[in-house]
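The structure appears below as structure tokens.
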Amino acid sequence: MNDAATDTHCPYCALQCGMGLRRTDGPVPVTVVERPSFPVNQGALCGKGSNAAAVLAPGARLTTPLVRVDGELRPAGWDEALDRITEALAATARTHGRDAVGVFGGGGLTNEKAYLLGKFARVVLGTSAIDYNGRFCMSSAAAGGIRAFGLDRGLPFPVEDIPKAGCVILVGGNPAETMPPFVRYLRELQENGGRLIVVDPRRTRTAELADLHLAPRPGTDLALALGMLHLVVAGGLTDEAFIADRTTGWAETRAAAMAHWPEHVESVTGVPLPQLREAVRLFCEAPTGMVLTARGPEQQAKGTDTVSAWINLCLATGNAGRPNAGYGCLTGQGNGQGGREHGQKADQLPGYRKLDDPAARAHVAAVWGVDPESLPGPGRSAYELLDSLGTDVRALLLMGSNPVVSAPHSQHVTGRLRSLDFLAVSDVVLSETAALADVVLPVTQWAEETGTMTNLEGRVILRRKAVDAPGGVRSDLDVMHALAGRLGHGEGFPTEPEKVFDELRRASAGGPADYAGISYERIAAEDGVFWPCPSAEHPGTPRLFLDRFATPDGRARFTAVQHRPAAEEPDDAFPVRLTTGRVLAQYQSGAQTRRVAELNAASPGAFVELHPRLAERLGIQDGEQVAVVSRRGRTVTPARLTTAIRPDTVFMPFHWPGAANANVHTNPALDPVSRMPEFKACAVRLEPAGGPAPAD
């Protein structure tokens, strides 16, 4: 046994913490060790990262293909499984047209897999019906960033700059639970004399750290940002020189903000006016400021406008395009950034190119060796694609996603999945979605394969293979290679990750997300390389926009926005607001973390969090089974009473399936720009359920 550890990265969130893997002789083939040299986390890991190797154990994961026979999934050989998929996809295309075959990807796929999946959909299948679950992650932040700056990268600066800011406003994020190693940057900020403002309807573990906590009603973050900008203007706190030299559109944006007078914003948001004024004072008195958004303001039917409002606050105060200042987004999924840059989104080609741009089509088609006219046009966004299953899309290939648990209005999405003529799922575990499939393919995990990821800073990093996969398990690259060959495309789908990455570099060259100068060797030598990096001689770009923004005229663009209510406001029948989120020990749909004993011991099941005043009014006791009822469904889960939430709001984590699935309730109303569903605000009522929750 080799005692040397393999340097790699955590399989979970977008912080992509560095870790080492050391081979063992036990059922879990590796053990996780610290990797202090990686600058982002400097060896620190959360419980999810520390226990990441547990899912590599044979009992926790898939090790053989499964095919459905007489209604049941049974083990099968790879040839049988691949032949079934090939026949179903080909037959569907012949009978119903190419767009009747859909592809749904995941924000945890490596850049190589995401790139090749987009190529597979457009070249082999010829379908426009492709999107991925990253649409549910930070698409509103991406749309807002492109609208203002001409470019979307989660953080336009490295995380090491955050402690150097004078004030940070963190809107709708709880990194103390979702990415704990990140919290050291917030602590360092305060140790350096900077101030932290947290905006969240709940007093989370992150909000407990704040110098000031603002607790708005879910769905009112846009009004809050507009109210703050109103106070900035009224107080003469704008940076007029920056506005004149580096922006456009201020007059309209100023007028829109002045229509949101503070007393009205107080009544809409529930944030007391003195707190609103204090937030403006802290932000504007600081030498530099940052606004960081997360899913809270973004997962709304007005998420793009909400992000734009917070960007407007940065621009109006001169906090953009300068060191230790600016707007950024805390990406959620491990490769939410790279996953959309290289072709999984319905409207994008590799390098963050637009699919409807003739020059972009010509460039990528030349790399792929196909006629640009053969590439399909833009398709449906993620929820719209899922909603079309069984009607327009009749066969679906799904990789690395679990929409039965993670999609909004999940009961409806589950029904659409069941209505398909054919469903093939490629995953490492038998998720709730895989359990519905006609064919399930067992694929390699993070520790069993090499590939690149792009973290929340835009740092391209390298996961390295540390251990062989069990017999019977293949990589997603092998799957696409085999299916492409069976469908008449024997070339262009290599199985070696580095060959795929080299092609990705060529395809991205000259695009907004230019990886041309990044190589595996450089990543290893430099602890990651920041894009854009157009050549081998280029140093990479840790900090964007210092000289100019990525717009045609180099100026950032204000966007005049107006507050509007949530798509579904409380009423007499459903008088309480529900918001959703994550807990410390679980991750996303829980498909992997729910298979880890240590994590389940820490977070064994779902709950609904409510204020004692609301509980008293409804006659609900702590720990009692509670029915949460919305227009879309009913769940039953234990009550957890806490004063750390607004009395008009309840919270449910979304990691669990079945009777306690929070996404039964979430509203699929879509943002008109980003097509992000409104996960963070919907109307429910609560009532005692009487007795234990029903079994899943």
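The values are calculated or read from the model by the stated rules, or taken from the named source; none is laboratory data. Note that the structure is predicted; figures quoted are calculated from it, not measured. We place every Cβ from the backbone using ideal geometry, glycine too, and count neighbours over all the protein chains shown. These accessible areas exclude ligands, DNA and RNA; they are computed on the full protein's heavy atoms, side chains included. Shrake-Rupley method; radii C 1.70, N 1.55, O 1.52, S 1.80 Å.
Here are some notes:
- SER508 accessible area, 1.4 Å probe, all protein chains in place, Å² to nearest 10: 0 Å²
- Residues listed by number, region 578-597, amide nitrogen under 12 Å from ALA435 label point at 7 Å toward C-beta: 591
- Within the accessible area of the chain (1.4 Å probe), percent carbon and sulfur: 49 percent
- With Rh defined as the Kirkwood radius, the inverse of the mean 1/r over Cα pairs, the Rg/Rh of region 84-173 is 1.16.
- The Kirkwood hydrodynamic radius of region 315-418, based on inverse pair distances between different Cα atoms, is 16.7 Å.
- Note on region 494-567: Rg/Rh from C-alpha atoms, Kirkwood Rh, equals 1.17.
- Two-decimal Rg to Rh for region 177-241 - Kirkwood Rh, Cα set: 1.05
- Shape category assigned to region 536-666 from the gyration tensor of Cα positions, a/c cut at 1.5: oblate
- Over 31 Å (Cα to Cα) - which of LYS354/LYS465; LYS48/LYS113; LYS302/LYS354 fall in this group: LYS354/LYS465
- Between GLU496 and THR643, the simple spin-label model (points 7 angstrom out along Cα→Cβ) gives 6.4 nm.
- Relative to one another, the C-alpha centroids of region 41-71 and region 220-253 are positioned 47 Å apart.
- Cα gyration tensor category, rounded, prolate or oblate, for region 297-338 with a/c compared to 1.5: oblate
- Taking the average, over residues, of other Cβ atoms within 10 Å as the packing measure, peptides 239-251, 530-542 rank 530-542, 239-251 from highest down.
- Modelled label reach - VAL233, point 7 Å along Cα→Cβ, region 541-576 residues with backbone N closer than 20 Å: 556-565
- Taking all protein chains into account, the per residue accessible area for the chain stands at 32 Å² (1.4 Å probe).
- Using equal-weight Cα scatterers in the Debye expression, the normalised intensity of the chain in log10 at q = 0.06, 0.09 Å⁻¹ is -0.31, -0.74.
- Using a cutoff of 8 angstrom between alpha carbon atoms and counting only pairs six or more residues apart, the relative contact order for region 551-696 works out to 32 percent.
- Anisotropy class of region 389-447 from Cα gyration tensor, a/c 1.5 cut: oblate
- Stretched out straight at 0.36 nm per residue, the stretch from ALA255 to ARG98 would grow longer than its current Cα-Cα span by 51.7 nm.
- Label sites at ASP392 and ALA524, each approximated as a point 7 angstrom past Cα along Cα to Cβ, lie 4.5 nm apart.
- Convex hull volume of the C-alpha atoms in region 136-184, normalised per residue: 103 Å³.
- Potential lengthening of the chain between ARG281 and SER374 amounts to 27.9 nm, from the contour at 0.36 nm per residue minus the alpha-carbon distance.
- Alpha-carbon Debye profile of region 1-65, log10 I(q)/I(0) at 0.12, 0.15, 0.19 Å⁻¹: -0.31, -0.47, -0.72
- From the alpha carbon centroid of region 281-336 to that of region 502-532 is 26 Å.
- Straight-line cross-link reach from LYS164 at under 18 Å between alpha-carbon atoms covers these aspartates and glutamates, not counting any fewer than eight positions away in the same chain: GLU188, GLU191, ASP211, GLU285, GLU457.
- Coarse-grained scattering of region 120-206 at q = 0.18 Å⁻¹, given as base-10 log I(q)/I(0) from a Debye sum over alpha-carbon atoms: -0.94
- Percentage relative contact order, region 514-576, counting C-alpha pairs under 8 Å, at least six apart: 21 percent
- Here region 198-296 is treated as an ellipsoid with the same Cα gyration tensor; its semi-axes, largest first and in whole Å, are 23, 16, 12.
- Among ASP514, ASP392, ASP502, the order of accessible area from largest down is ASP392, ASP502, ASP514, computed with a 1.4 Å probe on protein heavy atoms.
- Computed about its Cα centre, the charge dipole of the chain is approximately 540 debye, with only Lys, Arg, Asp and Glu carrying charge at their Cβ.
- Helix-only arithmetic for the chain: the sum of -39500 (n - 2.57) across DSSP H runs with n ≥ 4, divided by the residue total, places the mean residue ellipticity at 222 nm at -8000 deg cm²/dmol.
- Counting every pair of alpha carbons in region 259-351, the share spaced more than 24 Å apart comes to 35 percent.
- Within-11-Å neighbourhood charge of ALA5 [Cβ basis; K, R +1; D, E -1]: +1
- In this structure GLU598 has an accessible area near 110 Å², from a 1.4 Å probe over the protein heavy atoms.
- For GLU616 and THR31, a Förster radius of 51 Å and the Cβ-Cβ distance give a FRET efficiency of 0.55, rounded to the nearest 0.05.
- Within the assembled protein chains, the solvent-accessible surface assigned to PHE182 is about 0 Å², based on a 1.4 Å probe.
- Descending principal axes extents, region 597-696, alpha-carbon based, whole Å: 42, 36, 24
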